[in-house]
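The values are calculated or read from the model by the stated rules, or taken from the named source; none is laboratory data. Please read all numbers here as calculations on a predicted model, not as lab measurements. Here the Cβ is made from the backbone with ideal geometry for all residues, glycine too, and neighbour counts use every protein chain on show.
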Amino acid sequence: MIKKVVLVSSLLLLPSYTSAMTTPLSTGIFLGSPTSGITVKYQDDFKFAVGLDTFSVSADAMWNLGQLSGRMENSPLYSFAGIQWVDDSEQQWGPRVGLGLEIPYRTFHLYAEAGTTWYLEKDSGFEVEGAFGVRFNL
């Protein structure tokens with residue numbers, strides 16, 4: 001009986017998982033450090049963010065770890081690398097790398113990510129930063 005319940009619930013969730021993965025462009029909001037704002041993602045290749053509480057701009061390339069490793073159980077995980085500029089008196093701009101987790105559901109994606117940014121101007125140093133948010137398919 002338990003096997004049947006698991007099978008039926010898996011089959012019911014499958015269409016919602018695949019429909020969330022079919023649109024190439026998604027946009028949403030995020031909360032994080034050093035800023036919170038809006039984000040846009042194109043397919044699983046690029047993401048852009050604009051911070052609003054402390055103005056910032058970031059652009060990143062993305063790589064799905066499931067595709068890189070050939071193991072589909074890693075498909076919710078991704079890595080990213082890019083650049084970030086923050087309009088702050090201590091931190092200006094720098095390259096960044098990190099890891100993220102994205103969970104698609106119907107027409108939106110929940111995500112969380114963490115990484116380091118190496119700020120190169122004024123107070124040069126590494127900062128550990130993170131964000132979580134939601135993106136909606138367009």
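Numerical summary
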{"item": "Near pairs, Cβ below 7 angstrom, 6+ apart or cross-chain, from segment 117-138 (within 19 Å of K41 (Cα to Cα)) to any residue that is of a type in the set (A, V, I, L, M) and at pLDDT below 95", "result": "N137/A20; L138/L25"}
{"item": "Qualifying residue in segment 65-78 (condition: touching a Phe, Trp or Tyr at 6+ places or on another chain (Cβ under 7 Å) and either at pLDDT 85 or above or not small (G, A, S) (or both))", "result": "yes"}
{"item": "Boolean, G28 is modelled with pLDDT of 95 or more, over 19 Å from N137 (Cα atoms), within 13 Å of the chain's Cα centre (by Cα) and surrounded by 14 or more Cβ atoms within 10 Å (Cβ to Cβ)", "result": "no"}
{"item": "Residues that are polar (S, T, N, Q) and either in a strand (DSSP E or B) or exposed (fewer than 13 other Cβ atoms within 10 Å of the Cβ) (or both), drawn from segment 71-82", "result": "S79"}
{"item": "Failed item, numbered, when W85 is tested on (1) within 14 Å of S33 (Cα to Cα); (2) surrounded by 19 or more Cβ atoms within 10 Å (Cβ to Cβ)", "result": "(2)"}
